1. Hey, does segment 13-23 have a residue that's in contact with an Asp or Glu (Cβ under 9 Å, 6 or more places away or on another chain) and either of a type in the set (Asp, Glu) or on the phi > 0 side of the Ramachandran plot (or both)?
2. Keeping to segment 1-46, report how many residues are outside any strand (DSSP E or B) and either acidic (Asp, Glu) or out of contact with any Lys or Arg (no Cβ under 6 Å at 6 or more places or on another chain) (or both).
3. Kindly indicate whether Thr51 is over 13 Å from Arg2 (Cα atoms), touching a Leu at 6+ places or on another chain (Cβ under 9 Å) and modelled with pLDDT of 95 or more.
4. Please find, within segment 10-38, the residue that is nearest to the chain's Cα centre (by Cα) out of those that are at pLDDT below 95 and β-branched (Val, Ile, Thr).
5. Kindly indicate whether Thr51 is over 9 Å from the mean Cα position of the chain (by Cα), β-branched (Val, Ile, Thr) and assigned to a helix (DSSP H, G or I).
6. Going by the structure shown, is Val35 surrounded by 15 or more Cβ atoms within 10 Å (Cβ to Cβ), in contact with a Phe, Trp or Tyr (Cβ under 6 Å, 6 or more places away or on another chain) and among the hydrophobic types (A, V, I, L, M, F, W, C)?
Amino acid sequence: MRVVQVANFYGPRSGGLRTAVDRLGAEYCASGHEVFLIVPGARTERHLLRTGVVRITLPAKHIP
């Protein structure tokens, strides 16, 4: 199954939401699913995380 997670607040450092979506995505991958995580950032980027999750960063306005 393909799973897409979308997080509107996903900072560069660990936090509650980041920890939750990272762990959930890792467990989905471990169960054989294809997981994409879409998060806001400064520019468009695509990274394959060591857990198997594909993190896609899309440009968004910075919220202090």
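1. To start, the set of residues in segment 13-23 that are in contact with an Asp or Glu (Cβ under 9 Å, 6 or more places away or on another chain) comprises 14.
Narrowing further to those that are either of a type in the set (Asp, Glu) or on the phi > 0 side of the Ramachandran plot (or both): none.
No, segment 13-23 has no match at all.
2. The initial filter retains those residues of segment 1-46 that are outside any strand (DSSP E or B), namely 1, 7-33, 42-44.
The next check asks that each one be either acidic (Asp, Glu) or out of contact with any Lys or Arg (no Cβ under 6 Å at 6 or more places or on another chain) (or both); those that pass are 1, 7-9, 11-33, 42-44.
Number satisfying all stated conditions: 30.
3. No.
4. Among those that are at pLDDT below 95 and β-branched (Val, Ile, Thr), it is Val21.
5. On the way: over 9 Å from the mean Cα position of the chain (by Cα): yes; β-branched (Val, Ile, Thr): yes; assigned to a helix (DSSP H, G or I): no.
Taking the combined requirement at face value, the residue does not satisfy it.
6. Details: surrounded by 15 or more Cβ atoms within 10 Å (Cβ to Cβ): yes; in contact with a Phe, Trp or Tyr (Cβ under 6 Å, 6 or more places away or on another chain): yes; among the hydrophobic types (A, V, I, L, M, F, W, C): yes.
In short, yes.
The values are calculated or read from the model by the stated rules, or taken from the named source; none is laboratory data. Everything numeric here is computed off the predicted structure, so don't read it as measured data. Here the Cβ is made from the backbone with ideal geometry for all residues, glycine too, and neighbour counts use every protein chain on show.
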